[in-house]
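Just so it is clear, none of the values below were taken in a lab; they were calculated from the coordinates. Being a predicted model, the structure only gives us computed values, none of them experimental. Cβ: placed from backbone, ideal geometry, glycine included. Neighbour counts: every protein chain shown.
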Amino acid sequence: MDNLPDIPEKGRYRFQYRGTNCLNCDHPLDISDRYCPNCSQANSTKKLSLKDFLDEFFASLMSYDSKLLKTLGALLLRPGKITREYIAGKRVSYTNPFRFLLSLTILYFLMINFTGNFSKWDKYGAKEDSYFIESLNDFSFSFGTEEGTEINRGIDSIKQALDFEALKLKIKKQDSLILSDPSDYFKNMGTTSNENQFSQKQEFFTTLLRSDSIYDFKDAVDKYGVAESFGNKLAFNVAHGILKLRSRPGSFISRLISKLPFAVFFFLPVFALFIWLVYIRKKYSYTDHLIFSFHNTALLFILLIISYLIDGIFAVSSNWIFLAIFSLYLLQAMRKFYGQGIFKTCVKYLFLNFIFFILSVFAILILFTGNIFTN
Ligand SMILES: [Zn+2]
């Protein structure tokens, strides 16, 4: 009993409330145990009063806070060090990198989506197929000068060359053909090659959607006897997605952004494969590289959030400054974490940036088409 740990002899942690068995996991306890060595629940048999309950809540909040502060501090001030410590086993003092990054990405994209007001972009949406022609007309209006008339003449000749009127007429004709008897039109469609058939189906659904005779795929099945096949459903989704993108681009982008936090978590594991390849002779496992990329992406999002707040408050555009800071930070983090010289690190850094760029383009293409295909 002379070796008592220094504990707050307060409230429910007082000596008199200690038990000899853990109330959570039944592990035998010594009366000197402040916490259960097995499950780390506090050794107290006292029933929770409201005050105890609130104390416990704030204590856990504070401990989360101090972890968060420590994580933020280490991440911001010592590039690469936090990953070193984390994979070396110092885990309890920092927040879990996966959860940390997930919270940050969700926070960032929520901020963008809520304050970005993308729905106002919907006004740029096309109401008709003639949208492009109309915008050309608007364009020619703005030139009243001598040179302007030259340009206007040029635009007129473009319009003639493209023969929009004929194209519109053709679309109109096809529309009325489809709408006169949709079931019959759909039945007689599938005689040509598959690819052609798909675009025919897509046009078919586009026409029906635009004329408000169907609102979802089920309508097409019920009203016009369209078979419930995968190909038909896909053609419908593509028609629906493209119509939405054209008529309400803001909502489309907003929906795309809401998917980005999750895209990050598909993206990073692939990217970590390349880091692993580049540093294959280092004694790090794939998971270590993944944690390294989680930590640094977390920092990127912290900087983006700061930049976003600054932009909002001071009405400036600080994005590029913070991206520049991040570029330098990342180089330093790679040097510290992988412990190689500046030249080697620079070469690998440039290579990984190149890979990152290529993967990003792929990811955006996949997301974009995915958004059209799935609605
Ligand atoms: Zn226990």
- Task: Using per-residue counts of other Cβ atoms within 10 Å, averaged over each peptide, order 344-350, 262-268 from highest down.
- Result: 262-268, 344-350
- Query: If you stretched the chain out fully between VAL270 and ASN38, how much longer would it get, using 0.36 nm times the residue separation minus the C-alpha to C-alpha distance?
  - Reply: 79.8 nm
- With all distinct Cα pairs included, what does the Kirkwood hydrodynamic radius of segment 260-375 come out to in Å, to one decimal, could you say? 15.7
- Cα centroids of segment 19-50 and segment 307-322: how far apart, whole angstrom? 50
- Taking only Cα atoms of segment 197-253, radius of gyration then Dmax in Å: 11.1, 34
- Contour minus Cα-Cα span, ARG210 to ARG255, at 0.36 nm per residue, comes to 14.1 nm
- Task: Along each of the three principal axes of the Cα atoms of segment 176-323, give the extent in whole Å, ordering the values from largest to smallest.
- Result: 65, 46, 22
- Among 325-334, 303-312, 222-231, what's the highest-first ranking by average C-beta atoms within 10 angstrom per residue? 325-334, 303-312, 222-231
